[in-house]
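J.: My structure is below; once you've seen it, I'll send some questions.
The values are calculated or read from the model by the stated rules, or taken from the named source; none is laboratory data. Fair warning: this is a prediction, and the values are worked out from it, not measured in the lab. A quick note on method: Cβ atoms are made from the backbone with ideal geometry, for glycine too, and the neighbour counts reach across all protein chains shown. Accessible surface is based on the protein model in full, side chains and every heavy atom, while ligands, DNA and RNA are left aside. Shrake-Rupley method; radii C 1.70, N 1.55, O 1.52, S 1.80 Å.
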Amino acid sequence: MARTSEAAPAALKRRRITSMPRTVLLFAVPALALYTFVLLVPTARGTVFAFTNWDGLSRTFDFVGFNNFAAIFANPDSVKAIINTLIIAFVTTFIANAIGLALAVALNSRIKSRNALRVFFFAPAVLTPVVTAYLFKYIFAPLGPLNGVLDAFGLGVLKQDWLGDPNWALIAVMIVIIWQQSGYTMVIYLAGLQGIPAELLEASAVDGAGAGRRFWSITRPLLAPAITISVMLTLIHGLKVFAEVYVMTGGGPGNSTNSLSTLIYKNAFQFGLFGSSIAMALILLVMVALISAIQYRALLAQGGHK
Amino acid sequence: MTRYTWRTGILEVLMLVVALVFAFPFYILINLAIRKENDQGSPLVPTFAPTIENFVNAWNQASLGGAIVNSLMVSVLSVVVIVFVSAMASYPLVRLTSRLSKTAYWVIMVGLLLPFQVALIPLYTTIRDIGLLGTTWSLVLFYAGLQVPFSVFLYTGFLRALPAEYEEAAWVDGAGPLTTFWRIVFPMMRPVTGTVIILNAIFVWNDFLTPLLYLSGSGSQTIPVALFSFVGEYQSNWPIVFAGLIIGIAPILIVYFLLQKTVIQGFSGGLKG
Amino acid sequence: MESKKAIAVTLAALLALGTAACSSPAPTPAETAGADAPLSGTLVIGAYATAKPALDPIIAQFEEANPGLTVTATYADNQQYQAAIRTQLSSGTAPDVFTVWPGNGNPGAMEVLAPTGYLLDLSTIDGLPALPEALDSVTKIDDKRYVFPMTVAGIGAVYNEQAVEEAGAKVPTTWSEVLDFCEAATDAGKVGFSLGLQSLFVTQLINYSLTSTLVYAADPDFESKVKDGDATFLKSKWKKAFEMYMDMNDAGCFTANPNGTTNDIAQADLASGKALASVTLTTTISQIKALAPAGTTFGMFALPATEDPDDTWMPAAAFDGFGLNAKAKNPAAAAAFLKYMASPDSMASYATVAGSLPSIDTDKFTLNPALAILDTDWKAGKTYPFPDQLWPNPVVSSAHKEGVQKVFGGQASIDDILNAMDVAYKTQ
């Protein structure tokens, strides 16, 4: 039952069925067809626009080469959106995974409320982002509940104009994303933890390993697949974030919280700069792909999920 | 680990405190939604004289009934299609060793990364040309395609961990691939099917931008869009707005509470690869 | 070069952007509307959400008068509406009658939509009443009218009469009295002008008010000078206006943390008397009234920018505009509906609900006393359109609105913002 990296190849072999006729691949056709129709073909068609000045409305447009891309990097507001997207993605991924892992470890214990709490902590991930964003917009208002709580606890000095101060607005947005994503990661880690045989941990406890040591040298490596999936999913969510920013701050104050997705939406639908927004979406695509590849390799190197 | 010690007790208290912090937004949401409209008290003070009036008003004014029906239809149909095509696709993608199968797998995985903003506009014109614009079918089609990569990702992860012996026995007994899959493999994948259902249902129910574009002008709406325009109209009337928000998220929360156990099980299967 | 063009055109066709392919020559509305045949079929109307309370009753009456016709109206929030209408127009799925913003400044505005051929020239419709000439600049392009505004809205300082009295403040008629007004408010523990800058459209209102006097009244040709490159925002009184905006901030005129405050909170403060006044669109007066305790009354003054009360102009503009789809599926009904909306009764009822003046003066309209100043200034010609209606693209307005937030947040200087507006003005 112990799953070491040497055991993996054996498992790999066993899961293939060599006698299976190749025609079974037809099973994949409906999925592939839908996927091609909805994502691949339109993406390819859309990509053409990244090299044009199409305004989303006119019947004609001109090809402008790489001008759209150059313009994006020359505009401080779009550079800001790229940086914001990276900050949001990395910070929320790191913190939401740390919190999720901590919650999972704590709830993978004998505490009586564990089942109720598991259900509860995942609930924010179920909420409609539009709802969450409105709720937090209210909570973060200058005279809103959050500042009210800080006052009540005598922490008045910590009060902020959360969404109005450009230095805090992005942090406020990230708090909301973390609130939503922590439960999501917790569930993945709980699943991973439940796959670790208790005897293994007990055996090492008998050997005299401390709790921290036990976690680091036994639990952590065995959790690698869970970490890979969880980090990948939160990272992709962070890189694509839209509703939270759009509803809470609209990208403001003064463009300080725009993400690539909100800027793409704004440029395309408010300014009619379709070419340049699709160029921006391609930059987003390249960023997501690069970061995922790096992250995947890094975790693979640690003996993670294959 | 196996006994409830004083350390476990401390952990329990600590976790309840953390839960309280996480619960704060829910508290505000509910506390205001059950408050009388003219109550000017702090949102932090518990509402002692609750009323359901806001829910009644929100229900009547936001025309949420039709939106809930639409959302339910779109969610159920989309999820059924997603489960059907993704489960089937994952079977050859995992069990076949051919190069073609591997390529197909990676082509689908690329979809996890594609920002759908690029595809949104060109797809809109296609949907219009095939005459589905303004219908809930356009959304079903869109979600079914959009969610294939993520669902195949979950299914293949789970299926890899399933030993192939049972199926091989069936093969030997001369069952065809379709029978083998639907009779033997699909039932074994039940936990991950639960995960796929819940996560996709959550996504479809909550999506905002797509219904906004594809249903616009048709008179039918889904819940997030209905909520968005409702909030726009009743901005400063928070009790009624929050009551509306609660009505809008209730169905998906109920489904989640009913199916919550399988979420964890489904993931845990997928992590054994 | 030729081949590139050819590829572009082919692509356009391939990508189904060209609605030309699927449209057959249809009779023009002028021809069909002239006939007295009863209207039938379905008329589809699309409008922004704010129009709903004013538009719904008119639609109901119109349906009653035309029993053979079914009217479906859909409403969407401003930004959603603008996004949707573009996509729908370019895909041939747009409504027959729909909201079009007069002038320019956003993606749903006339200057953006008309050149693409999606808007019908309204002068082809017989029997549509004439609009005042003052509205031509934002409703016509090359002598063709593309948008029919139902109302004239203004931007002014709405004040809570009881709160002003309690605070012992005096309604200002000069710039220094504005600052006195703020001081009186502060002394009474109130806010002079509530300000919710988190709602992006609010950011521009004070600058528009101040520049209508300082820039546009003083030099009626300023806009065309900017267009010709003979003037810039940076080197104009725009800078002075922006500085005065910030002087008001320094003098403690505004709500604390305006960047984090939404407009509905600002309105609630004005309604409850926590704030004495608020510079706002006249269309919001009815909302503010609805929030206020019974017995509260409101007045409005034009925000002064100089020491001579006679100098003061206010922004007033064609509003609640509607256009007709050049490829309407039911052109006869669309034209008939527009004419119905333009009747004195509909005009009066629309303006009353919307809280503005009717774009065509009519006896049927009873003036709300709070709008007296707008009515006076409008008739005296002491108004200027909202500047963004005349700007060449939406990016200028966006640079302005986000710029105000940036200056309030200390992220940029006034010069940076005006410069960004100048740059945006020249591009495209």
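J.: Just the number please: accessible area per residue for the range A:83-271, 1.4 Å probe, all protein chains included, in Å².
T.: Per-residue value: 32 Å².
J.: Taking N as the number of residues in the range B:6-51, what value does Rg over Cα atoms divided by 2.2 N^0.38 Å take?
T.: Scaled against compact globular proteins, the figure is 1.57.
J.: Am I reading the B/A interface right? What is its buried accessible area, both sides, 1.4 Å probe, to the nearest 100 Å²?
T.: 9400
J.: Compute the relative contact order of chain B as a whole-number percentage, counting only Cα pairs closer than 8 Å that sit 6 or more residues apart in sequence.
T.: For chain B, the relative contact order is 31 percent.
J.: For the range B:1-139, how big is the tail of P(r) above 20 Å, as a whole percent of Cα pairs?
T.: Looking at the range B:1-139, the distances longer than 20 Å represent 75 percent of pairs.
J.: Indicate the residues belonging to the range B:189-210 that lose 20 Å² or more of solvent-accessible heavy-atom surface (probe 1.4 Å) upon moving from the chain alone to the assembly of all protein chains, ignoring ligands and nucleic acids.
T.: B:Leu199, B:Ile202, B:Asn206, B:Phe208, B:Leu209
J.: Quantify how strongly other chains surround peptide C:39-47 by giving the mean number of their Cβ atoms within 10 Å of each of its Cβ atoms.
T.: Counting Cβ atoms of other protein chains within 10 Å of each residue's Cβ and averaging gives 1.
J.: On to the next question. Can you tell me which of C:Ala51, C:Ala318, C:Ala334 moves the most in a GNM of chain C? Springs connect C-alpha atoms under 10 Å apart.
T.: Greatest mean-square fluctuation among the candidates belongs to C:Ala51.
J.: Sort all Cα-Cα distances of the range C:175-221 into consecutive 5 angstrom bins from zero, then give the percent of pairs in each bin up to the one containing the longest distance.
T.: 5, 18, 16, 20, 20, 14, 5, 2, 0
J.: Roughly how big is the C-B contact, given as buried accessible area in Å² (both sides, 1.4 Å probe, nearest 100)?
T.: Roughly 1400 Å².
J.: Between their Cα atoms, which of C:Lys52/C:Lys239; C:Lys144/C:Lys327; C:Lys240/C:Lys406; C:Lys225/C:Lys327; C:Lys289/C:Lys406 are more than 26 Å away from each other?
T.: Going by Cα-Cα distance, C:Lys52/C:Lys239; C:Lys225/C:Lys327; C:Lys289/C:Lys406 fall outside the 26 Å limit.
J.: So if I average 1/r over every pair of distinct C-alpha atoms in the range A:83-271 and take the inverse, what Kirkwood radius in Å does that give?
T.: Result for the range A:83-271, one decimal place: 18.2 Å.
J.: Springs between alpha-carbon atoms under 10 Å, Gaussian network over chain B: tell me which of B:Glu12, B:Glu167, B:Glu37 tops the mean-square fluctuations.
T.: B:Glu12
J.: Suppose a student asked you for the relative contact order of chain C, using Cα pairs under 8 Å spaced at least 6 residues apart; what percent would you report?
T.: 25
J.: Keeping all protein chains in place and using 1.4 angstrom, which order do C:Phe319, B:Phe142 fall into by accessible surface area, from largest down?
T.: Correct descending sequence by accessible area is C:Phe319, B:Phe142.
J.: Sticking with this structure for a sec: Show me the three semi-axes of the equivalent ellipsoid for the protein assembly as shown, from the C-alpha gyration tensor (sqrt of 5 times each eigenvalue), largest first, rounded to whole Å.
T.: Equivalent ellipsoid of the protein assembly as shown: 52, 35, 26 Å, largest first.
J.: Calculate what fraction, in whole %, of the accessible area of chain A sits on carbon and sulfur atoms when a 1.4 Å probe is rolled over the protein chains.
T.: 68
J.: While we're here: Would you mind checking the radius of gyration and Dmax of chain C based on alpha-carbon positions, in Å?
T.: Considering chain C through its Cα atoms, Rg and Dmax are 22.6, 74 Å.
J.: Can you give the charge dipole size of the protein assembly as shown about its Cα centre, rounded to the nearest 20 debye, using +1 on the beta carbon of Lys and Arg and -1 on the beta carbon of Asp and Glu?
T.: 5900
J.: Tell me, what is the percent relative contact order of the range B:43-173, built from C-alpha pairs under 8 Å that lie six or more residues apart?
T.: That works out to 39 percent.
J.: Probe of 1.4 angstrom, ligands and nucleic acids ignored: what's the accessible area per residue over the range B:6-51, in square angstrom?
T.: 60
J.: Give me the distance between the Cα centres of the range B:97-147 and the range C:88-141, rounded to whole Å.
T.: Between the Cα centres of the range B:97-147 and the range C:88-141 lies a distance of 36 Å.
J.: Working from Cα positions, state the angle (0 to 90°, nearest 10) between the long axis of helix B:190-206 and the longest principal axis of chain B.
T.: It is inclined by approximately 40 degrees.
J.: While we're looking at this one, here's another question. Go through C:Gly168, C:Leu55, C:Ala275 and say which Cα lies farthest out towards the positive end of the charge dipole of chain C; charges sit on Cβ, +1 for Lys and Arg, -1 for Asp and Glu.
T.: C:Leu55
J.: Run the accessible area of the range C:126-240 with a 1.4 Å probe and give the carbon-and-sulfur part as a rounded percent.
T.: Heavy-atom surface of the range C:126-240 belonging to carbon and sulfur, 1.4 Å probe: 48 percent.
J.: Can you list the residues of the range A:147-180 whose accessible area drops by at least 20 Å² going from the chain on its own to the full set of protein chains, with a 1.4 Å probe?
T.: A:Val149, A:Asp161, A:Leu163, A:Gly164, A:Pro166, A:Trp179
J.: Per 10 Å bin, what is the whole-percent P(r) computed from every C-alpha pair distance within the range C:125-237?
T.: Distribution as computed: 10, 27, 30, 21, 10, 2 percent.
J.: Of all alpha-carbon pairs in the range C:269-381, indicate the percentage at a distance above 24 angstrom.
T.: 40
J.: Moving on. I'd like the mean, over residues of C:389-400, of how many other protein chain beta carbons sit within 10 Å of each residue's own Cβ.
T.: Counting Cβ atoms of other protein chains within 10 Å of each residue's Cβ and averaging gives 2.
J.: Based on the Cα atoms of the range B:63-270, what semi-axes does the equivalent ellipsoid have, where each is the square root of 5 times one gyration tensor eigenvalue, given in whole Å with the largest first?
T.: Equivalent ellipsoid semi-axes, largest first: 36, 20, 14 Å.
J.: Still on this structure: How much accessible area per residue does chain C have, in Å², with a 1.4 Å probe?
T.: For chain C, the solvent-accessible area averages 38 Å² per residue.
J.: Compute for chains A and C the buried accessible surface, both sides summed, probe 1.4 Å, and express it in Å² to the nearest 100.
T.: Interface between A and C: roughly 3100 Å².
J.: Right, here's the next one. Counting only helical runs of four or more DSSP H residues, what would the 222 nm mean residue ellipticity of chain C come to if each run contributes -39,500 (n - 2.57) and the total is spread over all its residues?
T.: Theoretical 222 nm ellipticity from helices: -12000 deg cm²/dmol.
J.: Considering only DSSP beta bridges where both residues belong to chain C, give the percentage that are antiparallel (nearest 5).
T.: Of all bridge pairs located within chain C, approximately 60 percent are antiparallel.
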